[in-house]
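Take a look at the structure below.
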Amino acid sequence: MNNNIKKLLIIIISFFVNYSLPSTAWCSDEKSKHAHVNSGQVDHSSHMAMLEKKPQRTVEHYVIPQVDLVNQDGVEQSLEKILDLEKFVVVDFIFTTCTTICPVLSAGLVEFHKGLEDRANNTVLVSISIDPEHDRPEVLKAYGRKYGIRSGHELLTGSRQDIYSVMNAFDAVMPNKMTHYPLTFFRAPGSKKWVRVFGMMSAADLMKEYKNVTKYL
Amino acid sequence: MKCFTLYSMFLKLLVFQVFIFPDYVFAADKRQQTQLDKNISEYSDQRELSSGESIYLKGILSDGSKMNAFVQGDIPVSSQVFSCVLCHRRSGLGTSEGFVVTLPVNSLNLFRSRILWDTRRRHSQADSPIVRSRQVPANLLGKSMRPAYTDKTLAEVIRTGIDPAGRKLSGIMPRYDLDDHEMALLINYLKTLSREFSPGVTSQTLRFATIVTEGVSKRDRNAMLDVLKMHINDRNSQTRNQIKRARVGAFNRRELDSAYRILELSVWKLTGPEDAWRQQLEKYISNEPVFAVLGGITDGRWASIHKFSEEYGVPVVFPVTDQPVLSDKSWNTIYFSKGLFQEGATAARYIRRNQYVADKTRLIQIYIKGSKGEVAANGFTDTWRHYSSKVEYNYEIQDADQLNDEFYKTIIDPESDNIFLFWITDKEILSIKNIMRSGGATARIFVSSSLLQDNLYPISDELRDSVYITYPYSLPGEKKRTNTSLKTWLGIKGITLTNYKIQSQMYYLGWVLSDALAGLKGEFYRDYFLERIEMMKDQSHTVSTYPRLSLGPNQRYASKGCYIVQLSKGKDAKLIKKSNWIIH
């Protein structure tokens, strides 16, 4: 084959490559996601899409395990007692050295708590640490002070085994804290049903869920 | 599989492609650069960097006030809590946690367009030329994710969350109400953030050091060095083709391939007293700058090396020491645990949990002044004061000869329940029997397995019910699988098992290093290196000496608990577990 034909072929093939296939869509979605990760170029759009989605709500039935957890003041109490059946209950999972989700979750709960005004007396807010080794009561206390939590907002820690059983009960097992994801749980007084919300919420979203939770008795 | 074949075909075809469309990729960037230059002049470059740093790290403005910010649209937050560093971290390279990725905000990443399959050279130090196979064909580039930031667009995204491509950032990113002056200070700081690679990095090598101080036994020194060196050798033997691949390999592996470096390890030997180490360290680092210090071993205090690492900004990762510096402000050194301090603290927690202290109880703490035992005693005192107003009696003795019957008779009150916190070493352990003889028959005696160097057998049978031992490691038989994998690895590498704890610690460090370097993806900044280690998985197959090692952002002590055990009676004594892994 002479050189001219070779060159011509190359041009034709290149043309084909350029215009017949759109940018990176030459693999299935799953594959191309994988390729992005491997190349070190994180395609933020998929993460953004997840975050920008409206929080996803489901209604669940959970059995609270018989465990004793310690709050930010070092007081040990059974979780069942803390999650007072006679009050509104809001639960989330955090760890104090988290850099991304937990600060926003905690600031959100604090703002929401403020917005409850008189209803706060009838509401228990509970944030459970998923990093109990580090989050000792004194560490939780400092965290609470930093975020300005109010009375009625319990920051809980415990043995790893107990924390696992709580995560398990709430279908929120996060064995590695860096794969933590945002969950908030709501329960109306006297109800055994929990509203489970996956996703980041604004203070208004939290209030809306709180007001709607009485629908699930 | 089909996809893979298609993909291979592409790689081959694309080699030809770049001959036909050279440099198209960079045209947009060049246009953007002109715009950027224009905008830089709108701000003065003479602003104080420290003011910008204070905004980034602490969320404090130049006049000492804090700025207002909102997250998720309607949640007001304090900039001191939600400062830039909280998510973007010290290096500015960002984090990923769960499904949230915090993007890099260091100067090189901000002031250039963000595109997929980015093959542009990132650093001035990368002196090897990029061959054409490295350049991504324009059609595979996809759309540019965003153009390079200018000062103006950067200010806009910080205030409004709208990026130059018109996209709205997640509500997790706070919107900050910064005036022009403060914004200029912050942007000027960002222009300096992680701009040049840290010392110890060349285009092909990455230099580390390890530290050995005088007084460490030859056995322990070699236990550390052999495993560490073997890890480095192992890694280097796998990288022989990476240098070539980094230069001529396929574009889609550029990030991975170009992140490879040949690792070099220097051994810094420190001699003389602790005061003399600083000068030696300064000499070592000026002669051969290193990226970080791996491991290291001393029989004494780590404090002066810790201070050096803070002042020179050199990361020190997992040194072998039972006297680390306890600080929640330090950044550069990551320890396995709080060492003896943690054992003292555990004794306090155990005593409190089991309610051993009543009105008539006397807590008696004994240690030799200036010895390692004092560290454990401090751990006990520091923790106990949070639990009880009952003060312990501290007896600082000069040497073990003081621990005779007469001494015990003066301190033991036979009418009370006596709890001894007996922070002595294996050399003085025999004096423990005098406690009972001197009227402390019902006493509980706490000792440290680390101080006793695991030499527990001198504790006689009649004492074994009374002696409680702090044990900060996995119990024998607890981690059979990881033990086997470590021993197999040592066997394959021809390394004799001489000191299980040190060798398993260094074995673990080798894997942490490997993960952290892979995570850097070519961003060779010391701060980012530490941040990658912080983000390591909580559980790893390589942890054998400890039940669990975990870090997190700003955490510097990986093992956070300790067992209390007792010794069974008889010649083949075994450890009896008296507590779970105590963390609170």
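Net charge of the neighbourhood of B:Pro324, taken over other residues with C-beta under 10 Å away and scored Lys/Arg +1, Asp/Glu -1, is +2.
Across segment A:80-92, rounded Karplus estimates of 3J(HN,Hα) from the backbone phi angles (6.51 cos²θ - 1.76 cosθ + 1.60, θ = phi - 60°) give 4, 6, 5, 7, 3, 5, 8, 10, 5, 10, 10, 10, 9 Hz, Gly and Pro being marked x. Residues of segment B:214-232 with the amide nitrogen closer than 19 Å to a label point 7 Å from the Cα of B:Lys493, along Cα-to-Cβ, please. Those under the cut-off are B:218-232.
Using C-alpha pairs under 8 Å with a sequence gap of at least 6, the mean separation divided by the residue count of segment B:528-584 gives a relative contact order of 24 percent. First check a/c for segment A:62-153, with a ≥ b ≥ c the square roots of the eigenvalues of its C-alpha gyration tensor; if it is under 1.5, answer rounded, and if not, answer prolate when a/b is larger than b/c or oblate otherwise. It is oblate, given that a/c is not under 1.5 and a/b is not larger than b/c.
Under 5 Å from the amide H of A:Tyr62 lie the amide H atoms of A:Trp194, each residue being 5 or more positions distant or on a separate chain, with H modelled from the backbone and absent for Pro and chain starts. Stokes-Einstein diffusion for segment B:159-300, with the hydrodynamic radius set to the Kirkwood value over Cα pairs and evaluated at 4 °C in a medium of 1.567 mPa s, equals 67 µm²/s.
A Förster radius of 51 Å, combined with the Cβ-Cβ distance separating B:Lys283 from B:Lys569, puts the computed FRET efficiency at roughly 0.40. Between B:Asp426 and A:Ala169, the FRET efficiency estimated from the beta carbon spacing at R0 = 41 angstrom works out to 0.35.
Neighbours of A:Ala172, meaning other residues whose beta-carbon lies under 11 angstrom from its beta-carbon, give a summed charge of -2 when Lys and Arg score +1 and Asp and Glu score -1.
Distance between the C-alpha centres of segment B:306-337 and segment B:154-183: 36 Å, rounded to the whole angstrom. Remark: mean inter-chain Cβ contacts per residue of A:91-102 equal 5, using a 10 Å Cβ-Cβ cutoff to other protein chain atoms. Computed from phi, the 3J(HN,Hα) profile of segment B:221-228 under the Karplus parametrisation 6.51, -1.76, 1.60 (θ = phi - 60°) reads 4, 5, 4, 6, 5, 4, 5, 5 Hz, with x in place of Gly and Pro. Assuming a ≥ b ≥ c are the square roots of the Cα gyration tensor eigenvalues, decide whether segment A:56-215 counts as rounded (a/c under 1.5), prolate (otherwise, with a/b larger than b/c) or oblate. Because its axes are fairly even, with a/c under 1.5, segment A:56-215 counts as rounded. Per-residue mean of foreign Cβ neighbours for A:167-179 is 3 (Cβ atoms of other chains, 10 Å radius).
Highest mean packing comes first when the peptides A:72-79, A:174-181, B:331-338 are listed by Cβ atoms within 10 Å, giving B:331-338, A:174-181, A:72-79. Packing, taken as the mean count of other beta carbons within 10 Å per residue, orders the peptides B:342-351, B:481-490 from highest to lowest as B:342-351, B:481-490.
For segment A:159-175, backbone phi angles converted through the Karplus equation (6.51, -1.76, 1.60; θ = phi - 60°) give residue-by-residue couplings of 6, 4, 4, 5, 5, 4, 5, 5, 4, 5, 4, 8, 6, 9, 5, 10, x Hz, Gly and Pro being listed as x. Residues whose amide H lies under 5 Å from that of A:Ser127, counting only those 5 or more places away or on a different chain, are A:Asp92, A:Glu154, A:Leu155, A:Leu156; hydrogens are built 1.01 Å from N in the peptide plane.
Within the set of other residues whose C-beta is less than 11 Å from the C-beta of B:Met535, count the net charge using Lys and Arg as +1 and Asp and Glu as -1. Charge balance in the 11 Å sphere: -1.
Packing order of peptides B:93-101, B:160-168, B:504-512, highest average first: B:504-512, B:93-101, B:160-168 (average count of other Cβ atoms within 10 Å over each peptide's residues).
Here the convex hull built on the C-alpha positions of segment B:311-446 has a volume of 119 cubic angstrom per residue.
Once C-alpha pairs closer than 8 Å and six or more residues apart are averaged by separation and normalised to the residue number of segment A:56-215, the relative contact order reads 34 percent.
Averaged over the residues of peptide B:81-88, the number of Cβ atoms from other protein chains lying within 10 Å of each residue's Cβ is 3.
Under 5 Å between amide hydrogens, built in the peptide plane, is the criterion, and for B:Thr333 it picks out B:Val316 among residues at least 5 positions away or on other chains.
Which whole-number percent is the relative contact order of segment B:155-292 (Cα, under 8 Å, 6+ apart)? It comes to 30 percent, rounded to a whole number. In the frame of its principal axes, segment B:154-203 has Cα extents of 39, 25, 19 Å, reported largest first. At an R0 of 22 angstrom, the distance between the Cβ atoms of B:Asn580 and A:Val75 translates into a FRET efficiency of 0.65.
Each reported figure results from applying straightforward, stated rules to the coordinates on display, with no laboratory input. For clarity, every value in this text was computed on a predicted model and none was experimentally measured. Reconstructed Cβ throughout: ideal geometry from the backbone, glycine too, with neighbour counts over all protein chains shown.
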